[in-house]
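Working notes, structure below.
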Amino acid sequence: MSFPTRKINNIVDERYDHPGKRYLDVEALFQADGEIIPVSFLWENEDGSVKRYEIDRILGHCRRASMKAGGVGECYTVMVRGEERNMYLEMNRWFIEVG
């Protein structure tokens, strides 16, 4: 039996297979002032096909924990095709809450 690894100092849960967490390839704009603006992401379907989704609007941005998926990071509340979603930049990886 193996137990998940935890980094206590970063409060980051490293169970990458959490059912509420889906890691994504994200295209982002890195501005000169250090601001990171996600622009689009790639979603892989069950059949292996990949679809690119544009982020229509960023509704908010703050550092917080994901209560659905675990982990802490920069949370971007975004609108994608009329749906509000939370995307997180957790250390150096992006994930979106699902389920």
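The values are calculated or read from the model by the stated rules, or taken from the named source; none is laboratory data. Nothing here was measured: the structure is a model prediction, and the numbers come from that model. Note: ideal-geometry Cβ built from the backbone for every residue, glycine included; neighbour counts use all protein chains shown. Surface accessibility is based on the protein's heavy atoms, side chains included, excluding ligands, DNA and RNA. Shrake-Rupley method; radii C 1.70, N 1.55, O 1.52, S 1.80 Å.
Using a ≥ b ≥ c from the Cα gyration tensor of region 37-77 (square roots of the eigenvalues), is it rounded, prolate or oblate, where a/c under 1.5 gives rounded and otherwise the larger of a/b and b/c decides, a/b for prolate?
The shape class here is oblate.
Count Lys and Arg as plus one, Asp and Glu as minus one, and take only other residues whose Cβ is under 11 Å from that of TYR88; the net charge is then +4. Note on surface exposure: PHE30, PHE41 rank PHE30, PHE41 by accessible area, highest first, 1.4 Å probe.
For region 21-31, the Karplus equation 6.51 cos²θ - 1.76 cosθ + 1.60, evaluated at θ = phi - 60°, returns couplings of 10, 10, 6, 10, 8, 10, 9, 9, 9, 9, 7 Hz by residue, with Gly and Pro reported as x. Charged neighbours of ILE58, selected by a Cβ distance under 13 Å, balance to -3 (K, R count +1; D, E count -1).
With a Förster radius of 25 Å applied to the beta-carbon distance between PHE30 and GLU84, the computed FRET efficiency rounds to 0.55. Across all directions, the average projected area of the convex hull around the alpha carbons of region 52-99 is 3.5 nm². Estimated at the nearest 10 Å², the accessible area of MET91 is 110 Å² with a 1.4 Å probe. When all protein chains stay in place and ligands, DNA and RNA are ignored, the 1.4 Å accessible-area order of SER40, SER49, largest first, is SER49, SER40.
Accessible surface ranking for ILE96, ILE37, 1.4 angstrom probe, highest first: ILE37, ILE96. For ASP33, the solvent-accessible surface with a 1.4 Å probe is about 120 Å², rounded to the nearest 10.
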